[in-house]
2 protein chains.
Amino acid sequence: MGAAILSDLATEILIPVCAVVGIAFALVQWSLVSRVKLSPERQTSSNNSKNGYNDYLIEEEEGLNDHNVATKCADIQSAISEGATSFLFTEYQYVGVFMVAFAILIFLFLGSVEGFSTKSQPCTYSPDKTCKPALANAIFSTVSFILGAVTSVISGFLGMKIATFANARTTLEARKGVGKAFIVAFRSGAVMGFLLAANGLLVLYIAINLFKLYYGDDWEGLFEAITGYGLGGSSMALFGRVGGGIYTKAADVGADLVGKVERNIPEDDPRNPAVIADNVGDNVGDIAGMGSDLFGSYAESSCAALVVASISSFGINHDLTAMCYPLLISSIGIIVCLITTLFATDFFEIKAVKEIEPALKKQLVISTALMTVGIALVTWLALPSSFTIFNFGAQKVVKNWELFLCVAVGLWAGLIIGFVTEYYTSNAYSPVQDVADSCRTGAATNVIFGLALGYKSVIIPIFAIAGCIFVGFSFAAMYGIAVAALGMLSTIATGLAIDAYGPISDNAGGIAEMAGMSHRIRERTDALDAAGNTTAAIGKGFAIGSAALVSLALFGAFVSRASISTVDVLTPKVFIGLIVGAMLPYWFSAMTMKSVGSAALKMVEEVRRQFNTIPGLMEGHAKPDYATCVKISTDASIKEMIPPGALVMLTPLIVGVIFGVETLSGVLAGSLVSGVQIAISASNTGGAWDNAKKYIGLVLRSMQGHLAPKAQSRTRQL
Amino acid sequence: MGAAILSDLATEILIPVCAVVGIAFALVQWSLVSRVKLSPERQTSSNNSKNGYNDYLIEEEEGLNDHNVATKCADIQSAISEGATSFLFTEYQYVGVFMVAFAILIFLFLGSVEGFSTKSQPCTYSPDKTCKPALANAIFSTVSFILGAVTSVISGFLGMKIATFANARTTLEARKGVGKAFIVAFRSGAVMGFLLAANGLLVLYIAINLFKLYYGDDWEGLFEAITGYGLGGSSMALFGRVGGGIYTKAADVGADLVGKVERNIPEDDPRNPAVIADNVGDNVGDIAGMGSDLFGSYAESSCAALVVASISSFGINHDLTAMCYPLLISSIGIIVCLITTLFATDFFEIKAVKEIEPALKKQLVISTALMTVGIALVTWLALPSSFTIFNFGAQKVVKNWELFLCVAVGLWAGLIIGFVTEYYTSNAYSPVQDVADSCRTGAATNVIFGLALGYKSVIIPIFAIAGCIFVGFSFAAMYGIAVAALGMLSTIATGLAIDAYGPISDNAGGIAEMAGMSHRIRERTDALDAAGNTTAAIGKGFAIGSAALVSLALFGAFVSRASISTVDVLTPKVFIGLIVGAMLPYWFSAMTMKSVGSAALKMVEEVRRQFNTIPGLMEGHAKPDYATCVKISTDASIKEMIPPGALVMLTPLIVGVIFGVETLSGVLAGSLVSGVQIAISASNTGGAWDNAKKYIGLVLRSMQGHLAPKAQSRTRQL
């Protein structure tokens, strides 16, 4: 067996230090972004900045009144920020009620199992030891659930704050050049990425250490209580993603259909009443929602790994360093991402539009390559050369290099998924160009090609995920899969940075349009945005891939806990579970799509009403009523996120209670394998359509040719 | 245990008699259809018919030259028929080569297992008995494989022949009234349904009896050799569906995009060069392809049930009547369907458009109700009150009423699937009306609502299938599932009749348009066609539902034969199989959709070329070059059906050889559960879009209102 090289004390210092370094780095980036001043009135406070500011004016915007532009940008920004904040607060109110109810349920459920016993009891996995009483477990689980939910909320909220802080600044910087704008958007993405990764790690670490004060050497109880953290995070993620997603898509579809298709005004035109709602949507859906989502996956995979470790030799031997292996991976991940970020912001400079996508791609490659070394280092330092891992009741002997392979394969599978996603959603490659080309023959071929592209893009990611599962499972059972998921998420700070960069650029373009800035600015932000669509798809690819692995790890944890030794497809209970489970993602998608559709219809009617009843709106004399559109999106998403959320939360409960754990196992496995496919294909179809539209725009601008424009409006919306 | 009431001799007589009655009934229907004369020149041969014919002229077509119209219809019909025949022959040539190769492979594979031994060997399931040598099994399996493939070809081909025989006759009858036209189209559908059901049963029955001459009392070997029949049928079905499907959709999309969208000429306008290819496509795809498909499911489920029965107490005790239970169910099914058909053709008369859909629905209900009695009768007469069924190595005791429930639940699940499909795809209900309504806001909301509708329509059918699996499996293991599939398919003759009726009506409308007949005729055929779209979706629902059950039964047979006792989701081999298997339907769909897309692009270019280069084409002075369009569809579908076909055929071989039977089990289960969902949702989305288009047409005609017409063209094509 042997012991780890890294001492327990070093581990206890290393993890919080890395987390704090991450937070500090995020704050430095934030302060760099904030150097771009939005309010020319306050110029007196900083003479340097004023001079700097005048520079751009001379370069780019000679014909326009600088004061007006900056003020307009600031106004639009604050409108977007207010809309996003107000939506998130409304959402959090509703979700908060739900979370409290769910927390009480968890407490009652876990507590009642042993009749709220306050007496110590024999441990589940080591019956010869004494573990803490059920009441304590119920309390601590509930606390960690709330902690997870709150951290998820904070992650999403901070992301939204920095995004709405950065959008107008990106617009203003775009006047200086595409490189400057890119840096602002990317730095802001990095703020979100590092805050989320570091906060998630720090809160988890602190919780573990505080819980340990009570639990002492009952590691089994401690880490089982900690799993609440993951559950809290992913429950919030569910509502954040669904609510934010309905919001953003309803606003987007509504704004485009009336504005672009019917009224023939440009995207993000300030005359469009839904334009603020559209830009708010990017922030609450693609930033806050996605942040909550990735935090959920991250928390779940950490907790899944920790709980398996606690009943493996690490936990049994009280080997703290080895036990904290998942946290150490995340800690090194923060440092690796920090170095990677410098490559984009400081070591190289973006000078032309065509350098943006390669720069973002380089981020993925650099972080993966460095992280491989990081994982090797952590594995060598933190793990004994050989140990045992809990494997459905038995203990499996694992070598440290085997665990390295598990993590590394997850990491590299993430890179492969990222590249495949990029290939299928970037307009630099033939798939998207084919989709764009198919618009020559109308919307129908566009729909066919787009859906086919999404279906096709599933193939390689599934093989990559299957590879992770095979390696992870073969070497280290469910622990291997959990750490493979962690490997994929270890570069989460970089992944989130390039992911959040997209909606920020999107917003920046919107602000440029609304502030009436020159078309050259809009072209630059569009170029940033096209790269952003691809990176957003990459981010979704990571989220889906890691979610698949995490779900499997959790599934394994569930099966272990439910004391099922086999889930045999050949039994009717399991098979009907499998087929019904495979149906659930369709049910869920039908609900959310229908919600988006009806909310979009309402939005369209409201926008039409405003165009028809507000005199002078089309001519630009009158201001539209943005607030009503924001309210429609808000109300629709709040109302509509309940049923899909309930479906996801209640199905396991209902199936488990009525049909038993075997059928439930089938349902979980079925929805997992079917959901991954729908998720990847839908995400890539959407990304491809979006970029096909941008590609057509590019070709049109350069050739003044004729490509069916009516296809453009539709591509955006799926 | 006890014996069956029905004697072996009675069984031996009953089955072929029912089959022959079915064939005779089909021929009677055919002769009734042929009474409608297409060629006015030959009027002299039948004075009655001439008088009858003149009647319609007075009623409906006073302004038009009757001779011209009938001649035109006959010309168009023969063009369609020639196109379809030539395509099918080309297809069969290619598939024939493949089938021979596959037959040789089967022979070599089965023969080589025991080194082409000519010595008798101990039986697999009853080692104390002696079974026929491996060489004989290889030969007979190959023979039954070829028989199955040939029967499938004949089923599809005959269906196409009657459909292309009936289409123009339906058009001509539409001049007399919608009821008359309905009867012709429905009778022709019945010809196909009864020929297919009866032929399938008869060939299988004869093969069993011929094989028995050699096999004697080695029932295990006999029925294992017979499984080749199912494999042959479903292999052909694969190519028939894929090839025909690519053909019809490429032609359809190509014709509509240029004709309706760009040139603004009506659907099926004779000036459109792709119009013949479009009508040919209905016959080779929706008639021949679907016929092969349902025959495949029917043959597979019969064979799966027979092979399980042969190693159960029926086979062991040489109880012929009980053994033939699956065939007896199908026999009674033919009689039940015969009675049901009379309700539509003779007992009641369709007088108005709005009676069509209820009449077809009544067919489903009547056949299901009667069949329930039929199943009860067969179960009571043919089965001993108690018997044992092979269940993964063990023998499970089953009561005859339990088996009745298995079959009945399959039958009624089919009805439920039918009704749900009708609800989601008929324009009489809110889902399709909502989709039509969403076109007000453009193509985008239409796509969103259409896809959401398809996803939602999966829910109830999946619960119905899950119910069948649960009942079937709980009562009689894999045999229960196989007979549940047979129950669903027992009313196949009626199912096929209402299914084939759709494309015939579609063709009839096309011929009316091309022959320049009055709009009142076209309106009648459109009404028939709208009902046909719904019934086609119902037919697909049946096909998918039964295919799911059959696949599961075959999966069970495979697992039994491969001596796997559990397929545990918790092992990495199975789980990666599951997730990769769930991906395969996406891969397959991506291939076929891409094929349709590229073939449609070629078609569009050709149609555009003809419109641009043939002078006087738009004005109707010149005839387009139909043959080139037919050739494009033919070449594309022949070429493009190979890769998806290869994917389906080779995956099991490759996975099995490289990764072993456990992974293969996972792959099969994964693709089964994922494929069902995609199939149901895609089929219903397509049906709903198609009928939403027709609904918009109806509303437009009645209100002269304004609903986004551009959405119409696209809805047709998915």
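Structural remarks
- Simple spin-label estimate for A:GLN121 and B:THR118 gives 7.2 nm between the two label positions (7 Å along the Cα-to-Cβ direction from each Cα).
- Rounded to the nearest 20 debye, the dipole magnitude of the range A:380-503 is 280 debye, with +1 charges on Lys and Arg beta carbons, -1 on Asp and Glu beta carbons, and the Cα centre as origin.
- Listed from fewest to most Cβ neighbours within 10 Å, the set A:PHE611, A:PHE558, A:PHE314 follows the order A:PHE558, A:PHE611, A:PHE314.
- The range B:459-479 and the range B:608-641: distance between their alpha carbon centers, rounded to Å: 48
- Dipole of chain B, positive end: most advanced residue of B:LEU257, B:THR566, B:ILE492 [Cβ charges, Cα centre]: B:LEU257
- Taking B:SER141, B:SER310 and counting other C-beta atoms within 10 Å, the order from fewest to most: B:SER310, B:SER141
- Here's the picture: charge each Lys and Arg Cβ at +1 and each Asp and Glu Cβ at -1 in the protein assembly as shown, and of A:GLY240, A:VAL483, B:MET593 the one pushed furthest to the positive end of that dipole is B:MET593.
- Structural descriptor for the range A:377-496: relative contact order 36 percent, calculated from alpha carbon pairs under 8 angstrom and at least 6 residues apart.
- Fewest-first ranking of A:VAL28, B:VAL447, A:VAL178, A:VAL407, using other Cβ atoms within 10 Å as the exposure measure: A:VAL28, A:VAL178, B:VAL447, A:VAL407
- Gain in span if fully extended, B:GLU619 to B:THR130, counting 0.36 nm per residue against the direct Cα distance: 168.3 nm
- The range B:310-359 and the range B:138-168: distance between their alpha carbon centers, rounded to Å: 21
- Computed [θ] at 222 nm, deg cm²/dmol, chain B (DSSP H ≥ 4; -39,500 (n - 2.57); rounded to nearest 500): -27500 deg cm²/dmol
- Between the range A:83-112 and the range B:254-287, the alpha-carbon center distance in angstrom: 56
- By the Cβ-Cβ criterion of under 4.7 Å, the unpaired cysteines of chain B are B:CYS18, B:CYS73, B:CYS303, B:CYS324, B:CYS337, B:CYS406, B:CYS439, B:CYS468, B:CYS629.
- Distances between placed amide hydrogens fall under 5 Å for B:CYS131 paired with B:GLN121, B:CYS123, all partners being 5 or more residues away or on another chain.
- Copy-to-copy label separations for A:MET618, where each label sits 7 Å from Cα toward Cβ, in nm and ascending: 2.9
- Burial order of peptide ranges B:277-288, B:435-446, A:343-354 (average beta-carbon count within 10 Å, highest first): B:277-288, B:435-446, A:343-354
- Counting only whole DSSP H helices of chain B, the ones at least 27 Å long by C-alpha along their axis and with mean Kyte-Doolittle hydropathy no lower than 0.5 are B:8-34, B:66-113, B:134-174, B:178-215, B:290-310, B:356-382, B:400-425, B:492-514, B:661-703.
- Using a Förster distance of 22 Å, the FRET efficiency for B:LYS212-B:LEU105 (Cβ separation, nearest 0.05): 0.25
- Nonlocal amide H pairs with B:VAL397, under 5 Å, H built at 1.01 Å: B:ILE389
- FRET efficiency for the pair B:HIS519 and B:LYS362, taken as 1/(1 + (r/R0)^6) with r the Cβ-Cβ distance and R0 = 45 Å, rounds to 0.95.
- Shown for B:VAL20: label points 7 Å from Cα along the beta-carbon vector, and their distances to the equivalent points in the other copies, 9.6 nm in ascending order.
- For peptide B:556-567, the mean count of partner chain Cβ atoms within 10 Å of a residue's Cβ comes to 2.
- Peptides B:110-123, A:249-262 ranked from most to least packed, by the mean per-residue count of other Cβ atoms within 10 Å: A:249-262, B:110-123.
- Based on Cα contacts under 8 Å between residues 6+ apart, chain A shows a relative contact order of 19 percent.
- In a simple Cβ point-charge model (Lys, Arg +1; Asp, Glu -1; nothing else charged), the protein assembly as shown has a dipole of about 560 debye relative to its Cα centre.
- Cross-link pairs exceeding 20 Å between alpha carbons, from the set A:LYS594/A:LYS623; B:LYS249/B:LYS456; A:LYS351/A:LYS693; A:LYS594/B:LYS694; A:LYS594/A:LYS639: A:LYS594/A:LYS623; B:LYS249/B:LYS456; A:LYS351/A:LYS693; A:LYS594/B:LYS694.
- Average beta carbon contacts from partner chains per residue of A:468-477, 10 Å cutoff: 3
- Just so you know, the Rg over Rh for the range A:504-636 is 1.18, from Cα atoms, with Rh as the Kirkwood radius.
- At 7 Å out from Cα toward Cβ: B:LYS351 inter-copy label distances (nm, ascending): 8.6
- Taking 18 Å as the cut-off, the amide N atoms of the range A:625-657 that come nearer than this to a point 7 Å along the Cα-to-beta-carbon line of A:GLN93 belong to A:627-642.
- The modelled label-to-label distance for the pair B:ASN317/A:LEU377, using points 7 Å beyond Cα in the direction of Cβ, is 7.6 nm.
- At R0 = 51 Å, FRET efficiency that the Cβ-Cβ distance of A:HIS67 and B:SER430 yields, to 0.05: 0.40
- Here the simple spin-label model places points 7 Å from the Cα toward Cβ, and for A:ILE642 and B:ILE654 these points are separated by 4.9 nm.
- Across peptide A:586-592, the average count of Cβ atoms from other chains found within 10 Å of a residue's Cβ is 6.
- Relative contact order of the range A:109-191: 19 percent, from C-alpha pairs under 8 Å at least 6 residues apart in sequence.
Taken together, the values in this text are just the output of simple stated rules run on the coordinates, not laboratory data. In this text the structure is predicted, and so the values were computed from the model without any measurement. Neighbour counts run over all protein chains shown; Cβ positions are idealised from the backbone, glycine included.
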